[in-house]
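> I am attaching a structure below and will ask some questions about it afterwards.
The values are calculated or read from the model by the stated rules, or taken from the named source; none is laboratory data. All values derive from a computational prediction rather than experimental measurement. Ideal geometry is used to build each Cβ from the backbone, glycine not excepted, and the neighbour counts take in all protein chains shown.
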Amino acid sequence: MSAFFDSVNSTDVQADAVLRAAVAHLWFVAIHPFDDGNGRIARATADWQLARAENSAQRFYSMSAQILAERNDYYDILGRTQKGTLDVTPWMTWFLGCIGRAFTGTEATLSAVMRKARFWESHAQVPINDRQRGILNRLLDGFEGTLTTTKWAKLAKCSHDTALRDIRALIDLGILQQDAGGGRSTSYSLREP
């Protein structure tokens with residue numbers, strides 16, 4: 001552990017910071033100093049190394065969260081690396097791919113957040129009631145399936161007639177649009193600018 005601490009705390013190492021984070025993570029897991037929590041500490045160590053290297057107070061991605069999302073692949077590559085020939089190249093390759101996927105996921109999340117912020121900013125002066133606001137937020141957050149008057153009424157806990165009035169008001173305001181089709185299967189979606 002002393003050698004591990006000396007390595008991760010060293011400031012005069014010439015290796016790339018991302019590669020150092022990958023090695024620190026792998027090394028901590030291989031040392032396995034505790035009965036429980038070694039994976040969490042290894043992930044936190046990688047995130048700490050990356051944050052320290054970026055010298056920034058804000059980070060918009062989490063390596064730890066991405067590793068958890070890819071848990072099965074993570075355990076597989078760790079097992080192969082620790083039981084193999086001591087060649088860490090496959091681990092490093094996986095770690096670098098994982099950090100790339102963390103960036104991609106963050107870009108998608110930030111894009112959705114910015115889309116939602118722009119939407120509400122552009123409709124700040126529009127009279128929208130609480131039911132409408134709730135359903136619009138669901139649509140902006142990635143509502144699954146089609147939005148019908150019946151679904152609106154259930155989600156907003158209102159009558160079918162009230163749901164229809166809410167929807168028609170938003171269509172008149174240019175916020176919602178009726179999808180192709182009609183009749184009993186009439187559905188609505190956000191009108192994209």
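> Mind checking which residues of the stretch 112-128 are farther than 13 Å from ASP141 by Cβ and surrounded by fewer than 13 Cβ atoms within 10 Å (Cβ to Cβ)?
Step one: filter the stretch 112-128 for residues farther than 13 Å from ASP141 by Cβ, giving 114, 118, 121-128.
MET114, ARG118, GLU121, SER122, ALA124, GLN125, PRO127, listed by residue number.
> Condition first: more than 14 Å from CYS98 (Cβ to Cβ) and surrounded by 17 or more Cβ atoms within 10 Å (Cβ to Cβ). Can you find one or more residues in the stretch 68-81 that meet it? I'd like the intermediate steps shown before the answer.
Narrowing the stretch 68-81 to residues more than 14 Å from CYS98 (Cβ to Cβ): 79-80.
If we keep only those that are surrounded by 17 or more Cβ atoms within 10 Å (Cβ to Cβ) as well, we get none.
Within the stretch 68-81, none of the residues are more than 14 Å from CYS98 (Cβ to Cβ) and surrounded by 17 or more Cβ atoms within 10 Å (Cβ to Cβ).
> Here is a follow-up. Within the stretch 43-90, track down each residue that is within 23 Å of ASN9 (Cα to Cα), among the polar types (S, T, N, Q), part of a helix (DSSP H, G or I) and under 16 Å from the mean Cα position of the chain (by Cα).
Residue satisfying the conditions is SER64 alone.
> Being at pLDDT 85 or above, touching a helix residue (DSSP H, G or I) at 6+ places or on another chain (Cβ under 8 Å) and of a type in the set (D, E, K, R) narrows it down to one residue among ARG71, ARG80, ARG59; which is it?
Numbers: ARG71 fails: touching a helix residue (DSSP H, G or I) at 6+ places or on another chain (Cβ under 8 Å); ARG59 fails: at pLDDT 85 or above.
Matching residue, one of ARG71, ARG80, ARG59: ARG80.
> Next question, about the same structure. Taking PHE95 as the residue in question, decide whether it is in contact (Cβ under 8 Å) with a residue 40 or more places away in the chain, assigned to a loop (DSSP other than H, G, I, E, B) and under 29 Å from LEU110 (Cβ atoms). Don't jump to the end; show me each part of the working.
Numbers: in contact (Cβ under 8 Å) with a residue 40 or more places away in the chain: yes; assigned to a loop (DSSP other than H, G, I, E, B): no; under 29 Å from LEU110 (Cβ atoms): yes.
No, not satisfied.
> For THR109, work out the one condition from (1) out of contact with any helix residue (DSSP H, G or I) (no Cβ under 8 Å at 6 or more places or on another chain); (2) in a helix (DSSP H, G or I); (3) over 30 Å from GLY142 (Cα atoms) it doesn't fulfil.
Of (1) out of contact with any helix residue (DSSP H, G or I) (no Cβ under 8 Å at 6 or more places or on another chain); (2) in a helix (DSSP H, G or I); (3) over 30 Å from GLY142 (Cα atoms), only one is false for THR109: (3).
> In the stretch 127-170, how many are within 13 Å of LEU190 (Cα to Cα) and β-branched (Val, Ile, Thr)?
Number of matching residues: 4.
> Could I ask something else about it? Is at least one residue of the stretch 3-26 over 28 Å from GLY105 (Cα atoms), among the aliphatic types (A, V, I, L, M) and assigned to a helix (DSSP H, G or I)?
Here is the first cut: in the stretch 3-26, the residues over 28 Å from GLY105 (Cα atoms) are 3-7, 9-14.
Subsequent filtering for residues that are among the aliphatic types (A, V, I, L, M) retains 3, 13.
Subsequent filtering for residues that are assigned to a helix (DSSP H, G or I) retains 3.
Within the stretch 3-26, one or more residues are over 28 Å from GLY105 (Cα atoms), among the aliphatic types (A, V, I, L, M) and assigned to a helix (DSSP H, G or I).
> What is the number of the single condition among (1) in the same structural domain as VAL18 (by TED's automatic domain parsing); (2) more than 28 Å from SER62 (Cα to Cα); (3) touching a helix residue (DSSP H, G or I) at 6+ places or on another chain (Cβ under 8 Å) that THR85 does not meet?
Result: THR85 passes all but (3).
> Out of the residues in the stretch 162-193 that are out of contact with any Asp or Glu (no Cβ under 7 Å at 6 or more places or on another chain) and of a type in the set (Ser, Thr, Tyr), state the one that is surrounded by the fewest Cβ atoms within 10 Å (Cβ to Cβ). Break it down into steps so the answer makes sense when it comes.
Start the filter on the stretch 162-193 by keeping residues that are out of contact with any Asp or Glu (no Cβ under 7 Å at 6 or more places or on another chain), which leaves 162-186, 190-193.
With of a type in the set (Ser, Thr, Tyr) added as a condition, the list becomes 162, 185-186.
On the way: THR162: 16, SER185: 9, THR186: 17.
Residue satisfying both the conditions and the ranking: SER185.
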